[in-house]
1. Out of region 305-315, which residues are buried (at least 22 other Cβ atoms within 10 Å of the Cβ) and either of a type in the set (S, T, N, Q) or at positive phi (or both)?
2. Only one of R211, R261, R272 is of a type in the set (D, E, K, R) and in contact (Cβ under 8 Å) with a residue 40 or more places away in the chain; which?
3. Taking G290 as the residue in question, decide whether it is at pLDDT 95 or above, buried (at least 17 other Cβ atoms within 10 Å of the Cβ) and in a helix (DSSP H, G or I).
4. Given the conditions (1) at pLDDT below 95; (2) within 17 Å of the chain's Cα centre (by Cα); (3) within 27 Å of L139 (Cβ to Cβ); (4) not in a helix (DSSP H, G or I), and given that A309 satisfies all but one, which numbered condition is not satisfied?
5. Name the single residue, out of those in region 166-194 being assigned to a helix (DSSP H, G or I) and of a type in the set (S, T, N, Q), that is least open to solvent (accessible area, probe 1.4 Å).
6. M225 versus (1) more than 20 Å from V327 (Cβ to Cβ); (2) in contact with a His (Cβ under 7 Å, 6 or more places away or on another chain): which is the lone unmet condition?
7. For the subset of region 118-160 comprising residues that are part of a helix (DSSP H, G or I), more than 16 Å from F96 (Cα to Cα) and touching a His at 6+ places or on another chain (Cβ under 7 Å), which member is most open to solvent (accessible area, probe 1.4 Å)?
8. When T163 is evaluated against the numbered criteria (1) in contact (Cβ under 8 Å) with a residue 12 or more places away in the chain; (2) under 27 Å from A67 (Cβ atoms); (3) open to solvent by 10 Å² or more (accessible area, probe 1.4 Å), which criterion, by number, is the only one it fails?
Amino acid sequence: MIAIATGTRADWGLLSPLAAELRRRGHKVGVMATNMHLREDCGHTVDEIVRDGFVPVAEIPTEGTPAQITAASTAGFASAFGSLCPRAVVILGDRFEMLGAATAALLCGVPIIHIAGGTVSEGAFDDSIRHSISKMATLHLTETERCRARLIAMGEQPEQVITTGAIGVENVLKTPLMTREELERSLGRRLTGRLIVATLHAATLSTVSPRQQMQDFLSGLDIVMHRHEDIQVLLTYPNNDVDPAPQIALLEEFASAHSARVCLVPSLGRVRYMSALHLASAVAGNSSSGLVEVPSVGIPTLDVGIRQAGREHGPSVWHCGSTATEVAEGLEYVLSEPMQTLAARRENPYARSHTASLMADAIEAHDFRPYPVKKFYESDNQ
């Protein structure tokens, strides 16, 4: 069995095509769900995993702070690995519950397939977690050649670092979309005018509190909505890098004050999210999706604050500060005709053809062995 660890709506949305491709090739796939997937206040998105045809082989509950969640994740995955004995486990990215999964895998002798190593996002503690998982991993599936070079510079064996592109881009291009009418029925409202899809997570290394970050972001949206009566906003909840309750309270207050023009949902899920992107005029916030996947849709992204600082991106991504004024000015720019025209070119450094297939090829070609030996690669010029 090849295990797939997932803790949020975002990473399952990226991992599901790989899970389907591995199953299509005859591999037994075991999804292990934890953290936000199991929380009612985060949309109980484990239900989406089941709807995609994968009943989890393990559900690992977690509660508390990131440190407490990491500890619970380590213990829960260790127990699951001990009973299920997978050949390898797929771990994506940089989440703290995935640090727990990786730690458990390392100590249980389960080889780690790491997706999206070598990426940089300087405004959150994600970078340290991501690099830590990379050093525990056996096989690396990177999004760009620059990411691959960084991992090799970290001492990873070049033949075990494969550039596949970002699987989220393939999702954007291949996911069957809902019609406008289907999406409107699902959201319970009409979508007219210009739509902004917005998500703001806590920038955990910022000197500004997560609550203030959200307040400033919503104030910027409010300014632009007052200037342009045709703008609607589709908002989703933040993740739980910090306690999301204060941010969610602000979101609910904002949505209530603008009930005719703002739709707030805990989680859109992969299909609704992709469908909304294809109807939107822009994406705003600080989710990695805005940099990685959205450019391939042909709409611009406003990247707010420091959370994604240092991450590669195409020309349709515009950065702004996190104050209300900066957010408002940034929104005006990404909604402008020049930026809309630029975004329509769909330039994206993360795009590759058949990413899920490339990932499955690399997994099938690798000789996974329990307790794999790690050797530090040193190039001739070091």
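The values are calculated or read from the model by the stated rules, or taken from the named source; none is laboratory data. The shown structure was predicted, so the numbers you read here are calculated from the model rather than taken from an experiment. Don't worry about glycine lacking a Cβ; one is built from the backbone with ideal geometry, like all the others, and counts go over all protein chains shown. Just so you know, the surface numbers come from the protein's heavy atoms only, side chains and all, with ligands and any DNA or RNA stripped out. Shrake-Rupley method; radii C 1.70, N 1.55, O 1.52, S 1.80 Å.
1. G305, Q308
2. Result: R272 is the single residue among R211, R261, R272 that is of a type in the set (D, E, K, R) and in contact (Cβ under 8 Å) with a residue 40 or more places away in the chain.
3. Criteria met by G290.
4. Checking A309 against (1) at pLDDT below 95; (2) within 17 Å of the chain's Cα centre (by Cα); (3) within 27 Å of L139 (Cβ to Cβ); (4) not in a helix (DSSP H, G or I), the one that fails is (3).
5. N171
6. (1)
7. Q160
8. Failed condition: (2).
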